[in-house]
Amino acid sequence: MRHRVHPRTARGVARILPALLLCAAAVPALPGEPPAYAASRPTADVTPREGGAGGRVTVTGRGWKPHALLTLLVCGQNAIGGTGSCANSTGKAATTDARGRLSVRLPVAEPPKPCPCVVHIATVTGAEPAVVDVPFTVAGHPVAPLPERGGTSARLAALGVRLEGSNGFLNWFGAPAHRTLVVTVGNMGSAPARNPAFRVGTAHSVYAPRWEEVRWEGTIASGGRQDIRFPVELAMGAHGDYKVSLEYGGRLLAEKTWTAPRPWGATLFWVLLFTVVPAGIFRIGLEVVNRFNTHGNANGKGRRTGRGKGNDRPHSRGNGNGKGDRNGTGPAATTEGEAAALPWFAPDTLPATSNRRKGST
């Protein structure tokens, strides 16, 4: 059985339906339904906008991710140099609620850099970092113009670093070692970096690095990259592990370890110097001593030979007839004494002495 709708009833429903739709659209979302945070951008506000060191301000925010960990800092120079221009000792950490809202009391402190200042709010965790800087005036803090972008602001980053070069023959004997630090620098800022000034330092073990300022002539466009080469040199005889560092705008960009070999050639030289040279001096001394001994022996033999030749008369008194005495100590005895004085003749080897003894027998 079919029911027919009265025309008046249909006209009444058609009039009421738009009003019902408008009311449904005007009803707010229920508290248990979270809003779509992904479509909103985080915002923050500081009350009051000016305060002196030692005071406190209220920082409120909304649109953040639920239960996100945030850091709040008072920074100088609009925080263009990163957290290095902020008062980190008085900063605070806070967590947003389930709806992504924030309300924190932040102490005011003078930042290390001059104003213009901001309250820097940034996420600590999460794949998508979010940052909000709220302008703030620190009463009594000095104010200075902002540095030029690409000059001293930290907008450059090191994308790659390497050391080029090798040791030569002279380095084996302690000559200064040379290397080239090649750094791929990228400009992450929105303005080009013109003629940036870097600092290159070398440090050994726990000692502080020795810095040298190097200015690179050129321009790195925004979003561009450039390979920059820096010469590095060690002292004479340096060896061991060295750390080569590169700084820009007071921020460390890159570090590279350099292991310099020991100069074994210089070590060998000193070993030879303290072994071969004394041995040579000792050998020369022995030769000099041998020369003096040889000349002394020759002079002594000549003197003994001269005394034997000058004493031609008999050593013992004769009996006046030109013959020797009864003991045979005449001229024959003198000849035997002369023979005995000659070192190259053994006793009883002269022909005259041998024949005389045979005749006497």
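Listed here are the residues, each with its yes/no results for (1) at pLDDT 90 or above; (2) buried (at least 17 other Cβ atoms within 10 Å of the Cβ); (3) of a type outside the set (Ser, Thr, Tyr); (4) not in a strand (DSSP E or B).
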residue: 213; (1), (2), (3), (4): no, no, yes, no
residue: 230; (1), (2), (3), (4): yes, yes, yes, no
residue: 235; (1), (2), (3), (4): no, no, yes, yes
residue: 255; (1), (2), (3), (4): no, no, yes, no
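Would you check which residues across segment 108-125 are among the aliphatic types (A, V, I, L, M) and more than 17 Å from residue 49 (Cα to Cα) and list them?
Selection gives 122, 124.
Consider residue 89 carefully, then state whether it is under 22 Å from residue 155 (Cβ atoms) and hydroxyl-bearing (Ser, Thr, Tyr).
In short, no.
Only one of these is over 18 Å from residue 252 (Cβ atoms) and either acidic (Asp, Glu) or touching an Asp or Glu at 6+ places or on another chain (Cβ under 8 Å) (or both): 233, 212. Name it.
Values: 212 fails: over 18 Å from residue 252 (Cβ atoms).
It is 233.
Restricting the search to segment 47-67, which residues are without any contact (Cβ under 8 Å) to a residue 60 or more places away in the chain and not in a strand (DSSP E or B)? Lay out the reasoning, then the answer.
Here is the first cut: in segment 47-67, the residues without any contact (Cβ under 8 Å) to a residue 60 or more places away in the chain are 47-48, 54-56, 58, 60, 62-63, 66-67.
The answer is 48, 54, 55, 63, 66, 67.
Which of the numbered conditions does residue 263 fail, given that it passes all the others? Conditions: (1) in contact with a Pro (Cβ under 8 Å, 6 or more places away or on another chain); (2) touching a residue at least 60 places away in the same chain (Cβ under 8 Å); (3) more than 16 Å from residue 198 (Cα to Cα).
Only one criterion is unmet by residue 263, namely (1).
Can you work out which of the residues in segment 134-156 that are closer than 18 Å to residue 88 by Cβ and among the aliphatic types (A, V, I, L, M) is modelled with the lowest pLDDT?
Among residues in segment 134-156 that are closer than 18 Å to residue 88 by Cβ and among the aliphatic types (A, V, I, L, M), the one modelled with the lowest pLDDT is 154.
Can you name the residue in segment 90-133 that is touching a His at 6+ places or on another chain (Cβ under 9 Å), part of a strand (DSSP E or B) and surrounded by fewer than 18 Cβ atoms within 10 Å (Cβ to Cβ) and is also modelled with the lowest pLDDT among such residues? Step through it out loud before you land on a result.
Within segment 90-133, the first condition is being touching a His at 6+ places or on another chain (Cβ under 9 Å), and the residues that meet it are 91, 95-98, 100, 110-111, 114-115, 117, 131-133.
Keeping just the survivors that are part of a strand (DSSP E or B) gives 95, 115, 117, 131-133.
Those left that are additionally surrounded by fewer than 18 Cβ atoms within 10 Å (Cβ to Cβ): 95, 131, 133.
Working: 95: 91, 131: 86, 133: 91.
Looking at the filtered set, the residue picked out is 131.
Out of all the residues in segment 162-209, which are at positive phi and surrounded by 15 or more Cβ atoms within 10 Å (Cβ to Cβ)?
The one that is at positive phi and surrounded by 15 or more Cβ atoms within 10 Å (Cβ to Cβ): 174.
The values are calculated or read from the model by the stated rules, or taken from the named source; none is laboratory data. Note that the structure is predicted; figures quoted are calculated from it, not measured. Cβ: placed from backbone, ideal geometry, glycine included. Neighbour counts: every protein chain shown.
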